[in-house]
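Every number here is computed from the coordinates shown, using simple stated rules; none is lab data. A quick note: this is a predicted structure, and the numbers were derived from the prediction, not measured. Cβ coordinates were reconstructed from backbone atoms using ideal geometry, including for glycine residues, and neighbour counts include every protein chain displayed.
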Amino acid sequence: MNFSSALGVIAAIVVFGVAIFTSTSSREIFLDPHGILIVIGGTMAAAFLCFPVSTFPQMVKVVIRKFLGKYGHRHANAIREIVEMSKTQKEDAQLFREKIPQIKTDFLRDGLKLLVDGGMNDKQLDAILKKRADVQFRRHQKEANIFKTLAKFPPAFGLMGTTIGMIALLQSLGSADAYSRLGPAMAIGLVATLYGIALANFVFIPLGENLAKLNEEDELLRELVIDGIRLLRAQEHPLVVEEFLVSYLNPTERHKLQAKAS
């Protein structure tokens, strides 16, 4: 599981729960069905107007993959695999072919299959890999932008719920017990705004930003792989391959990788 994401969910629940339970003794006020209906229902309605229905099952899969995926050390692992393939290439060309299905980095495995299958020149292979990398980047960026778009709706519908509550409150000010009902009615009216702010800032905005960051890391990984395949195609020495590709890592990761290799 992605530890950072799990920690973020737990922290959000704790912060929100503590804030509610320590703010008042009448905690049932936060369970306003009208506010929940307006914020959740309104956000869903706006989402259906913005995106096809088929988009949302895919978004659920994206979120699950994000929480369950392992994103650490992917660049170092890809470099390790490329260097190992470079050594194998120097020793046994047939073994090089046989080891391709065992590669765990998907983009690298697919690129090496294209390399050994032949049928295209170097320029064509580079163009195909670059096109696949660009398409993948745009597709993942679209997923991140969906969550960023959804983040705009809950605060707006929360304000709508609060506005409806205030209208109802002002309409009843002429009654005999209006003064005693003023405070509780205003509190209920503001709950919808709380729901909207919490949903946007604890769910949609973090998911969108996280997916955008992961997409940038994926783009860098694909660039690394494309360079690695170029080096393998040129049959460069494994030491040259490693020294070139570790430039993609920060100094700490670079030293760790080189320490393991030695």
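Within straight cross-link reach of Lys61, meaning Cα distance under 29 Å, which lysines are found once same-chain residues fewer than 8 apart are removed?
Lys70, Lys104, Lys113, Lys130, Lys131, Lys142, Lys148, Lys152, Lys213
Between Glu98 and Lys142, what is the label-point separation in nm under the 7 Å Cα-to-beta-carbon projection?
Each label point lies 7 Å from its Cα, and together they span 4.2 nm.
Under the Karplus relation 6.51 cos²θ - 1.76 cosθ + 1.60, θ = phi - 60°, what is the ordered set of whole-Hz ³J(HN,Hα) values for the stretch 44-56, x standing for Gly and Pro?
5, 4, 5, 5, 5, 6, 7, 10, x, 4, 5, 5, 6
DSSP loop (so not H, G, I, E, B), at most 16 other Cβ within 10 Å: list which trypsin sites (Lys or Arg not before Pro) in the stretch 84-173 pass both filters. Don't skip to the answer; put the middle values down first.
Working: sites: Lys87, Lys90, Arg97, Lys99, Lys104, Arg109, Lys113, Lys123, Lys130, Lys131, Arg132, Arg138, Arg139, Lys142, Lys148, Lys152; in loops: Lys104, Lys152.
Within the stretch 84-173, the qualifying trypsin sites (Lys or Arg not before Pro) (loop, at most 16 other Cβ atoms within 10 Å) are Lys104, Lys152.
Report, in whole Å, the centroid distance computed from the Cα atoms of the stretch 112-166 and the stretch 193-248.
So the separation of the two Cα centres works out to 13 Å.
Angle, helix 3-23 long axis vs. longest principal axis of the chain, Cα atoms, 0 to 90°, nearest 10?
With both axes taken from Cα atoms, the answer is about 10 degrees.
Give me the distance in nm between label points sitting 7 Å out from Cα along the Cα-to-Cβ direction at Thr55 and Ile128, one decimal.
Spacing of the two 7 Å Cα→Cβ label points: 3.3 nm.
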